[in-house]
Amino acid sequence: MSIKPPFTDLEIKKAPSGFYEGYSLPIALISKVSMTLLVLWALVWPGNANSVLSSVNGTLLNGFNTFYIIAVGIFAFFLFVLAALPGTGRKKLGGEGVKPEFSNFSWFSMMFGAGLGVGLMVFATAEPLGLWGSNPVILDGDVAANSEEAVTSAYRYTFLHYGFHAWAIYVVTGLSLAYYAYTRDMPLTIRSALTPLLGSAANGFLGHIVDVLGVVATILGVSVTIGFGVSQFVDGVYAVSGMEWLMNGETEAPKPSTVGLISALIVIMGLSILSAVSGVGRGIKYLSNLNLVLSIILLMTFVIFGSFAFAMTKFGVGLVDYILHFVQMSFGAYGPQSAEAFAAGIPDAVKALPAEDLASVYGGATNAWGSLEGFREGLPASVAALENADEITAALYETGTQGRQFGWQAGWTTFYWAWWIAFSPFVGLFLARISKGRTVREFILGCVIAPAIVCFLWMTILGGTAIDLELNGTADGAIIGATNTAKLFATLGQMIEGGFLSGLTIMCVVLIMTFLVTSADSGILVMNTIMSGGEQETGIKHRIIWGLILTAVIGALIIAGNSGAEANPFGALQNAMIIGALPFTMVMVLMAISLAKALYRDGQRSKAVEAVAQPGE
C-alpha cells in the first residue's frame, strides 16, 4: 500500500516591500501589540498589573500544576525512547552527506551558554541552599531542614530542576524544528513542527497563532532569565565598587534597587543589541566560547579552594538518589488542598474553634515554607490550650501535608518547568540552527545527557561548598542570609580574600555580563527568525526594535513587581512568564505527537522505497 508524501507545502505570507519586507505581518503585529499593551499596563497601572498577574497565576497553578508536571515527565521519556530506537536514533538531520557546521567544543559551548548559563550563575549556590532548607522530604518531616541528613534530598531536587527534564524540554522543541527543517526542507519556525497534525491549516491564521505563542513565550522566558541575571550583575558590581545607589539601603541583606536594576538592564541590553546585529556566526559564537573558558576558571577556583571532597561525595550520592527517584519525580504531581478538605481531616476538638483560629491553623499547616516548629510557635492560643496539644499539633501538621507539598511543587518545580518551557522556543530554535548534520541520537544525548551532567557537577561543586561552609560553622549564616543573587559572592567571600577575591569577583561580573548578552542576543535573533518565516538572516533594524521591546518588557515588569505591599522586583515577571508558558506547553505536547507521527510515517516510507528497490528473486 502506498503512503502519501508528507505535507511540506508550508507557505508563510510575507510583506513584499516596506518596513516589514520579508516578515509575516500578522505575527509581527500581534506580537508587538501584545507586548506593547503589557508594557503600558505595567507602567501606567503597576499595582493593578502586579496583583492581577499574581491572581491569574495562582488560579492557573491550582488548575494546571498536574498538567505541567506530567507533560514534562512525558517529554523526558519520549526523547529517551527516540534515542534508544535504532530506526529513529540514526537518522541524520540534513541527510547522510551533511557534516556538522560547528566543532563539538563550539556546539557544546553555544548550547550551554544559551540554555542555562545565567541560571547556573544565579542559582549555583542559591538552588542547593534553598532546597537544603525546604524540599518535599523535609516537608514530610523525614529530615530536619539545614541538617547533614537533608543534603541528599536537596541535591535530588536540584538535579531534577537542572537535569534531564530541563534539557528534555529544550530538545523536544529543538529536535522537532531541526527535523522538519533539515529532513523536509521546511522553514525553521514553530508552526513547521505541527504540520503532521495541522496540514495545510498551518498556512493560515492557526499557524500564525502558534508562531505568536512561540514569540510571546520567548520574550517572557528570556525576560525572567535576564531579570535574575541583571540582579546578580548589580550585586557583583556593588561588591567590587561599593556604589550605594545600586542597592536599596538595607544593611543586613542589601538588595539591588529599582534604579540599579534598570540602569544595569540598559547597559546589558545595549550590548546585547550590538551583539545580535553581528549575527550567530560571530557574536554569539565568540561570546559563548569566552563564557565556557571563564566558567572553567570559576569552577577550578571552587575545586582548589572550596569543599571539593565534600562536594564529590554528595555528587555521587545525589546522582544515585536522583536516578532512583526519577520516575516518581517525573509524574508525582500534587493538587491543591482546600480549607474544606483540610477541615474534614482535623480532630473534632479543633473543629469547634472559632473560624478565625481555624483559618490560621489551615494557613500554617499548608505553608510550604514553614516547619513543624514554626507551625507550633504560630498556633493560636486556643489550640495550645487544648488537652493533648502536642499530639493535636502534630496531627494538624500531618493533615496539611498535601497542601504543603502542592505549594512547594508549584513554587519550585512548576516554576522551573514553566521557565524552561517559556525559554524553549528560543533555546530549541537556537539548538536547531547549530545542529545540522547531527543524528537524532547525537542531538538527544548531546543536548540532554552531557549538559545535564555538567550542570550537576557545577551545582554540586559550587553549592556543596556553600553548604559545607554553613554546616561546619565557617559561614555562620552569612551565605544563607544573603539574597539569592548575592549568595555566589557571599560564598566566595568565605572561601578567599584580598586581591584574589577582588579579581575573581570582577571575573564573575564579566561572566554574568557575557552570559546575559549571549541569552539576550540569541533571543532577539530567534524572535526575528520566527517572524520572518524561518529566515536565518534577518534585518538589522528589526533586531534593534525587538531588543528595545525586550528591554521595555523587563523594565516595566520590574517596576510593577516593586509596587504593592509585598514588593518583589521579579514577582510580576515570574507570574507573566508562567501564564505565558501554559499555552506553549500545550503546543509542545502537540509537537511531540507530531514528531512521533512524522518519524513513524517517514520510517514506513523508507521501507516502502527499499522494498521497491530490491531486485526480484
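Can you tell me the order of 458-470, 359-371, 84-96 when each peptide is scored by its average per-residue count of other Cβ atoms within 10 angstrom, highest first?
Sorting 458-470, 359-371, 84-96 by mean packing, highest first, produces 458-470, 359-371, 84-96.
May I ask you to give the solvent-accessible area per residue for the chain, in square angstrom, as obtained with a 1.4 angstrom probe?
Averaged over the residues of the chain, the accessible area is 38 Å².
Need the C-alpha centroid separation for the range 481-542 versus the range 202-254, integer Å.
The distance from the Cα centre of the range 481-542 to that of the range 202-254 comes to 10 Å.
Measuring from centroid to centroid over Cα atoms, what is the spacing of the range 25-58 and the range 313-367 in Å?
After rounding, the separation between the Cα centres reads 33 Å.
Any idea what % of Cα-Cα pairs in the range 4-65 are farther than 16 Å?
68 percent
Helix-only estimate, please: 222 nm mean residue ellipticity of the chain, summing -39500 (n - 2.57) across DSSP H runs of length 4 or more and dividing by its residues, to the nearest 500.
Calculated at 222 nm, the ellipticity per residue is -24000 deg cm²/dmol.
Could you sort out which of K92/K597; K4/K597; K13/K597; K436/K607; K14/K92 sit more than 22 Å apart by Cα distance in this structure?
In this structure, K13/K597; K436/K607; K14/K92 exceed 22 Å between Cα atoms.
Along the principal axes of its C-alpha atoms, what lengths does the range 311-370 span, in descending order and rounded to whole Å?
Principal-axis extents of the Cα atoms in the range 311-370, largest first: 52, 25, 16 Å.
Checking the cross-link filter: which aspartates and glutamates have an alpha carbon closer than 14 Å to that of K91, excluding same-chain neighbours under 8 positions apart?
E442, D602
Using Cα pairs under 8 angstrom and six or more residues apart, how large is the relative contact order of the range 463-560, in percent?
14 percent
Using amide H atoms built in the peptide plane, which far-off residues or other-chain residues are under 5 Å from M247 H to H?
Placed amide hydrogens put S257 under 5 Å from M247.
List the aspartates and glutamates whose alpha-carbon lies under 12 Å from that of K351, not counting same-chain residues fewer than 8 positions away?
Those aspartates and glutamates meeting the cut-off are E340.
If you add up the charges near L160, with Lys and Arg at +1 and Asp and Glu at -1, over every other residue whose beta carbon is less than 13 angstrom from its beta carbon, what do you get?
Net of charged neighbours comes to -1.
The values are calculated or read from the model by the stated rules, or taken from the named source; none is laboratory data. Just so we're clear, the structure is a prediction, and the values are computed from it rather than from any experiment. We place every Cβ from the backbone using ideal geometry, glycine too, and count neighbours over all the protein chains shown. Note: accessible area is taken over every heavy atom of the protein model, side chains too, but ligands, DNA and RNA are not part of it. Shrake-Rupley method; radii C 1.70, N 1.55, O 1.52, S 1.80 Å.
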